[in-house]
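Report on the structure given below.
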């Protein structure tokens, strides 16, 4: 599919979509149809529309449902997982989603699910998406096998990257420190407070900043007292 700007839309479509409400559009490769996202003021989200240029009209939801892809399956044998892919429209917005249900081939039970908008110019490979989801799901178990030094190195790298992402967004790097950060850490390591002083000391060394000032910024923004 090809990403389109408002100026690229055919005239008969632009006459029906106000530019202020336009978000993006995709020209489908396998048909003349155009997928459009517009602002939905009622639900404060986007609506998805499908336009048929040759007939100068939008397809109804029922018409779109009749054209839905059939469910499909694939296996990740090295992870003993079967993936069932289904397609459905989000209520209220009519955005088409592809939903991945991950089933254990050993127990037959669903172990995870993931979904994403079907129409996107930047979709990663489906199998890569599933592997990342499963690795994230299994990571807390893997983390428990780490040595103390490995745990410290893991969190230092995470905080280093996160702080630089925050800094690149125009904020102060210390704004990366908040209560949510610690709560998310605790989900993986309930005893994270025991090693955080060492994490911050190593982070300060890498960033070449004052360790005490970095710790003070952490405590002030997260509300957690260390040491």
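The values are calculated or read from the model by the stated rules, or taken from the named source; none is laboratory data. Note that this is a predicted model, so its numbers are computed, not measured. Glycine also receives a Cβ, built like all others from the backbone with ideal geometry; neighbour counts cover every protein chain displayed.
For the stretch 116-123, check the following and say yes or no: at least one residue is surrounded by 17 or more Cβ atoms within 10 Å (Cβ to Cβ) and farther than 30 Å from residue 62 by Cβ. No, the stretch 116-123 has no match at all. One residue stands out in the stretch 98-113 among those that are surrounded by fewer than 17 Cβ atoms within 10 Å (Cβ to Cβ) and within 17 Å of the chain's Cα centre (by Cα): the one that is nearest to residue 62 (Cα to Cα), namely 99.
Being farther than 30 Å from residue 137 by Cβ and surrounded by fewer than 13 Cβ atoms within 10 Å (Cβ to Cβ) is the filter here; which residues of the stretch 172-222 pass it? Listed by number, the residues that qualify are 172, 205, 208, 210, 212, 213, 220.
This table checks each residue for (1) within 27 Å of residue 110 (Cβ to Cβ); (2) at pLDDT below 95; (3) more than 26 Å from the chain's Cα centre (by Cα).
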| site | (1), (2), (3) |
| --- | --- |
| 31 | no, yes, yes |
| 39 | no, yes, no |
| 43 | no, yes, no |
| 49 | no, no, no |
| 53 | no, yes, yes |
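Within the stretch 130-144, is there a residue that is under 17 Å from residue 74 (Cβ atoms) and outside any helix (DSSP H, G or I)? No; the residues of the stretch 130-144 include none that is under 17 Å from residue 74 (Cβ atoms) and outside any helix (DSSP H, G or I). Taking every residue in the stretch 39-66 that is under 17 Å from residue 17 (Cα atoms) and pairing it with any residue that is part of a helix (DSSP H, G or I), at least 6 positions away or on another chain, the pairs with Cβ-Cβ distances below 6 Å are 39/21; 50/64; 51/13; 56/12. Exposed (fewer than 15 other Cβ atoms within 10 Å of the Cβ), more than 12 Å from residue 119 (Cβ to Cβ) and not assigned by TED's automatic domain parsing to the domain that holds residue 94, is that true of residue 38? Spelling it out, it is not the case that residue 38 is exposed (fewer than 15 other Cβ atoms within 10 Å of the Cβ), more than 12 Å from residue 119 (Cβ to Cβ) and not assigned by TED's automatic domain parsing to the domain that holds residue 94. Here residue 170 meets each of (1) in contact with a strand residue (DSSP E or B) (Cβ under 9 Å, 6 or more places away or on another chain); (2) outside any helix (DSSP H, G or I) with one exception, condition (1). For the stretch 4-13, which residues satisfy the criterion of being within 16 Å of residue 50 (Cβ to Cβ) and either surrounded by fewer than 17 Cβ atoms within 10 Å (Cβ to Cβ) or within 26 Å of the chain's Cα centre (by Cα) (or both)? The answer is 4, 10, 12. The single condition among (1) modelled with pLDDT under 90; (2) within 30 Å of residue 215 (Cα to Cα); (3) crowded, with 16+ Cβ neighbours inside 10 Å that residue 136 does not meet is (3). For the stretch 106-119, the tally of residues that are free of Cβ contacts under 8 Å to residues at least 60 places away in the same chain, within 23 Å of residue 3 (Cα to Cα) and assigned to a loop (DSSP other than H, G, I, E, B) stands at 1. Here residue 216 meets the list (1) out of contact with any helix residue (DSSP H, G or I) (no Cβ under 9 Å at 6 or more places or on another chain); (2) assigned to a helix (DSSP H, G or I); (3) modelled with pLDDT under 90 almost entirely, failing just condition (3).
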